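To start, the structure under review is shown below, and the notes come after it.
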Amino acid sequence: MNRIITLLLLLCVNGLQAKSPNVVILFTDDQGTIDANCYGSKDLITPNIDKLAATGVRFTQAYAHTVCCPARAALLTGRHPQRGGVHHWAQGDMNSAKGINMALQEVTLAEALKPAGYRTALYGKWHLGAHRDYGPKKQGFDEFFGIRDGFIDNYNHYFLHGTGFHDLYEGTTPVKAPDKYFPELMVQRSLKFIDENKGRPFFLYVPFNIPHYPEQALKKHEGLYKDVTDPARRSYGAIVTTTDYYIGQVIDKLEEHGLRENTIVIYMSDNGHSEETGNRIRVDNHKSGYPKGHFYGASGGGSTGKWIGQKGSFLEGGVRVPAIISYPAKLPKGAVRGQIITAMDWFPTVLSLCGVKQSAKAPKLDGFNLHPIIHDAKAQLPRKMLHFAWGNKWAIREGDWKLIGTTGRPQVTLHNLADAKPEVKNYAKEKPEFVDRLRMLHTVWVKDVTPKRQ
């Protein structure tokens, strides 16, 4: 009798788990503000991103951050990156002296979903601190394969800035796979994970390292752009299409197992396109084996539409990114929303869609559940301002106005996003009282998000 009761309970639990939606986050790297066909870049071939837009909700005013690290912290925690100590570049080499690593007290989306029975995996780019005592497997991910820092050569798996270092790991175990294309390796692991967990709820985080430089597109995608006259756009277009191709591989696998309807798929870029066009090996005997002078920078071929700016700036081209959520079973299809959203909003949105409640002791979230605006184009979130900070640079947006400054310096620039040519004009001298008020609001925010010393 006890055995029968146990079996019945297991069947009930399995039935409940089967109804829980899967979660897949596809986070691209340095993909520009409008760099997908469905965002208006008709010269780009992105059928899989376009398919997500057709089966979901596409956001036209989505914000991540200005560079990689803070965007990833915001996405995974639903909080401003500064709260977890991610205020500057995280430690890159696992074997170097301890640097900045996201605080273990931060609760990631993986840690929030695991108690609800989710199997969790990260295949791709972590970039929130490489120290072996930190990282994905210390913050809720059952499996991790990928790079602990920010970028690598896709074939020899070496970080290329400075003197270089090898960066490809299974957890904290180095992986040597010379000549194997990293995006292929990480996506093959993602597909295997779906195969192995198709019968239970899972959270799969796929943070790509492309279209980030070096722009090493698949040859078949380079051929698609052979007639593009601008060499920068030709190179960038090819690597964007390679990124889209691998997004499609993940979506196709979900469809193969009949999981697509009940899977929440989120696609977003971490920041705007890169203009880091001068990157070259600058030392002899570089650890990657590349000679001095070897070029590995970005082409600078991204697009921002009417906006200006790029990765590393707080202008719209640096922080405004493409973003889509697709969950065919429950959410609208082919919808477009113009309300402001941020990378921090995915955390509470996913938990709400999955019916998962956080512990009362969980850290305060800065993101908002997007459910109201997903279902109503006229709804509004209770967000009053946007705040960004990285290193000593910062920005605050209220309404259409954005103030950009540098800590310790009196000079600021004030811009209006409603201008015919947004952010081109600096209104700071014309509106000193407005500048002072926004600066004061930024100071209050800094005090709030700065961790208290123990």
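Note on the stretch 107-122: residues that are closer than 25 Å to Thr450 by Cβ and buried (at least 21 other Cβ atoms within 10 Å of the Cβ) total 4.
Checking each residue in the stretch 305-335 for being more than 15 Å from Lys51 (Cα to Cα) and either in the same structural domain as Ala418 (by TED's automatic domain parsing) or among the hydroxyl-bearing types (Ser, Thr, Tyr) (or both) picks out only Ser313.
Counting the residues of the stretch 187-232 that are in a loop (DSSP other than H, G, I, E, B), in contact (Cβ under 8 Å) with a residue 40 or more places away in the chain and in contact with a helix residue (DSSP H, G or I) (Cβ under 6 Å, 6 or more places away or on another chain) gives 4. Figure legend. Inter-residue proximity from the stretch 135-156: first residues within 17 Å of Ile25 (Cα to Cα), second residues of a type in the set (A, V, I, L, M) and modelled with pLDDT of 95 or more, beta-carbon distance below 6 Å, spacing 6+ or different chains. Indicated pairs: Pro136/Leu122; Gly140/Ala110; Phe141/Ala110; Phe141/Leu122; Glu143/Ala121; Phe144/Leu122; Gly146/Met186. Filtered by the rule that a residue be crowded, with 17+ Cβ neighbours inside 10 Å and over 23 Å from Pro322 (Cβ atoms), the stretch 252-278 gives Leu259, Asn262.
Annotation: Ser352 fulfils all but one of (1) assigned to a helix (DSSP H, G or I); (2) under 17 Å from the mean Cα position of the chain (by Cα); (3) among the polar types (S, T, N, Q); the unmet one is (2). Cβ-Cβ contacts under 7 Å between residues 6 or more apart (or on different chains), taken from a first residue in the stretch 357-385 that is in contact (Cβ under 8 Å) with a residue 24 or more places away in the chain to a second residue that is surrounded by fewer than 14 Cβ atoms within 10 Å (Cβ to Cβ) and assigned to a helix (DSSP H, G or I), are listed as Asn369/Ser352. Each residue in the stretch 66-86 was checked for being closer than 21 Å to Glu276 by Cα and in a loop (DSSP other than H, G, I, E, B), and 2 of them qualify.
For the stretch 124-142, the tally of residues that are closer than 9 Å to Thr172 by Cβ and not in a loop (DSSP other than H, G, I, E, B) stands at 1. How many residues are under 22 Å from Val250 (Cα atoms) and surrounded by 18 or more Cβ atoms within 10 Å (Cβ to Cβ) if we restrict to the stretch 156-190? Number satisfying all stated conditions: 9. Within the stretch 385-401, the set of residues being of a type in the set (D, E, K, R) and within 23 Å of the chain's Cα centre (by Cα) comprises Lys393, Arg397. Output yes when any residue across the stretch 376-385 is farther than 18 Å from Arg58 by Cα and surrounded by 24 or more Cβ atoms within 10 Å (Cβ to Cβ), and no when none is. The answer is no; no qualifying residue exists. Could you check, for the stretch 273-288, whether at least one of its residues is within 16 Å of the chain's Cα centre (by Cα) and assigned to a helix (DSSP H, G or I)? Within the stretch 273-288 (the criterion being within 16 Å of the chain's Cα centre (by Cα) and assigned to a helix (DSSP H, G or I)), the answer is no, since none of the residues qualifies. A single member of Gly334, Gly317, Gly309, Gly300 is out of contact with any helix residue (DSSP H, G or I) (no Cβ under 6 Å at 6 or more places or on another chain) and of a type outside the set (A, V, I, L, M, F, W, C), and it is Gly317. His131 falls short on exactly one of the conditions (1) of a type outside the set (D, E, K, R); (2) buried (at least 20 other Cβ atoms within 10 Å of the Cβ); (3) over 15 Å from the mean Cα position of the chain (by Cα); (4) under 30 Å from Thr242 (Cβ atoms), and that condition is (4). Scan the stretch 210-229 for residues that are surrounded by fewer than 16 Cβ atoms within 10 Å (Cβ to Cβ) and either touching a strand residue (DSSP E or B) at 6+ places or on another chain (Cβ under 8 Å) or acidic (Asp, Glu) (or both) and the total you get is 1.
The values are calculated or read from the model by the stated rules, or taken from the named source; none is laboratory data. All values derive from a computational prediction rather than experimental measurement. Glycine gets a Cβ as well: all are built from the backbone with ideal geometry, and neighbour counts include every protein chain shown.
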